[in-house]
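K.L.:
Let me begin by handing over the structure; questions about it come next.
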Amino acid sequence: MTVREWSEKDLHAIAELEKDCFSDPWSEQSITETFRSPAFKGFVAEDENGCVAGYSGVLVCFDAEIALIAVSPEKRRKGLGRLLLAAATDYATSAGAENIFLEVRTGNEPAKSLYESFGFIPVTVRKRYYEDGEDAIVMVKPKKLV
C-alpha cells in the first residue's frame, strides 16, 4: 500500500468509496469543494493495483479537524486506517495545529479504538448528529494536556 496526497483525479473514487463506507456519505460536490479549500490536505491509500483503498482529509487553521477518513470494507484490518490517520495528524501537527479534532459515531468501536491509540480523548457528545439519529462523539488530540 502507498499513501500519497489527493489529486483532482482521485475525487470520483473517493466519493464512491464514501458511499460504500457510510450511510450518510458526503456528496462528490462537497468532497470537491473541500478539496479545493486552501486549508485542506487530503491523503489516499492506493492498493497494489493503484486503486483508492482509503482516504483521509484534514482542515487546518489554528486547530485542525480530521474531516474525512475511511477505508474500503474489503481492505480493513490491514493498518490502512492507521497510515491515513498518521498522515493527517502528522500534517496537522507540522502545519502548527494546536489541537486536532474529529467526530465519530458512538457505535463505531473500531474507529474509537484507533483514535484513542493516537491520543484522542472524548470531549463532548453531539446528540442525534447523524441523519439516522445516532450520536457523534467529538474527540480531540491536544497539543499538550492542560
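K.L.:
Just checking, does region 92-107 include any residue being farther than 26 Å from Lys127 by Cα, open to solvent by 70 Å² or more (accessible area, probe 1.4 Å) and either of a type outside the set (D, E, K, R) or over 11 Å from the mean Cα position of the chain (by Cα) (or both)?
P.N.:
yes
K.L.:
Also, quick follow-up: Note down all Cβ pairs under 7 Å where the first residue falls in region 118-131 and is under 23 Å from Pro25 (Cα atoms), the second is modelled with pLDDT of 95 or more and loosely packed, with under 14 Cβ neighbours inside 10 Å, and they're at least six residues apart or on different chains.
P.N.:
Every condition considered, no pair remains.
K.L.:
Something else now. Which residues, taken from region 48-74, are open to solvent by 40 Å² or more (accessible area, probe 1.4 Å), closer than 20 Å to Ser7 by Cβ and either touching a residue at least 40 places away in the same chain (Cβ under 8 Å) or of a type in the set (Ser, Thr, Tyr) (or both)? Quick ask: steps written out before the conclusion?
P.N.:
Of all residues in region 48-74, those open to solvent by 40 Å² or more (accessible area, probe 1.4 Å) come to 48-51, 59, 61-63, 65, 73-74.
With closer than 20 Å to Ser7 by Cβ added as a condition, the list becomes 48-51, 59.
Result: Glu48, single match.
K.L.:
Find the residue count for region 22-41, including only residues that are under 25 Å from Asp132 (Cα atoms) and either surrounded by 16 or more Cβ atoms within 10 Å (Cβ to Cβ) or in contact (Cβ under 8 Å) with a residue 60 or more places away in the chain (or both).
P.N.:
6
K.L.:
Mind listing whichever residues of region 12-41 are aliphatic (A, V, I, L, M), assigned to a helix (DSSP H, G or I) and touching a strand residue (DSSP E or B) at 6+ places or on another chain (Cβ under 9 Å)?
P.N.:
Listed by number, the residues that qualify are Ala13, Ile14, Leu17, Ile31.
K.L.:
Residue check, Val44 against (1) in contact (Cβ under 8 Å) with a residue 40 or more places away in the chain; (2) assigned to a strand (DSSP E or B); (3) under 17 Å from Val140 (Cα atoms), all met but one. Which one?
P.N.:
Val44 satisfies all of (1) in contact (Cβ under 8 Å) with a residue 40 or more places away in the chain; (2) assigned to a strand (DSSP E or B); (3) under 17 Å from Val140 (Cα atoms) except (3).
K.L.:
Being among the aliphatic types (A, V, I, L, M) and more than 19 Å from Gly57 (Cα to Cα) is the filter; apply it to region 108-146 and report the residue that is most open to solvent (accessible area, probe 1.4 Å).
P.N.:
My answer is Val146.
K.L.:
Please count how many residues of region 5-19 are farther than 16 Å from Lys75 by Cβ and surrounded by fewer than 16 Cβ atoms within 10 Å (Cβ to Cβ).
P.N.:
Residues in region 5-19 being farther than 16 Å from Lys75 by Cβ and surrounded by fewer than 16 Cβ atoms within 10 Å (Cβ to Cβ): 5 in total.
The values are calculated or read from the model by the stated rules, or taken from the named source; none is laboratory data. Not measured: the values here are computed from a predicted model. Reconstructed Cβ throughout: ideal geometry from the backbone, glycine too, with neighbour counts over all protein chains shown. Note: areas computed on protein heavy atoms with side chains; ligands, DNA, RNA excluded. Shrake-Rupley method; radii C 1.70, N 1.55, O 1.52, S 1.80 Å.
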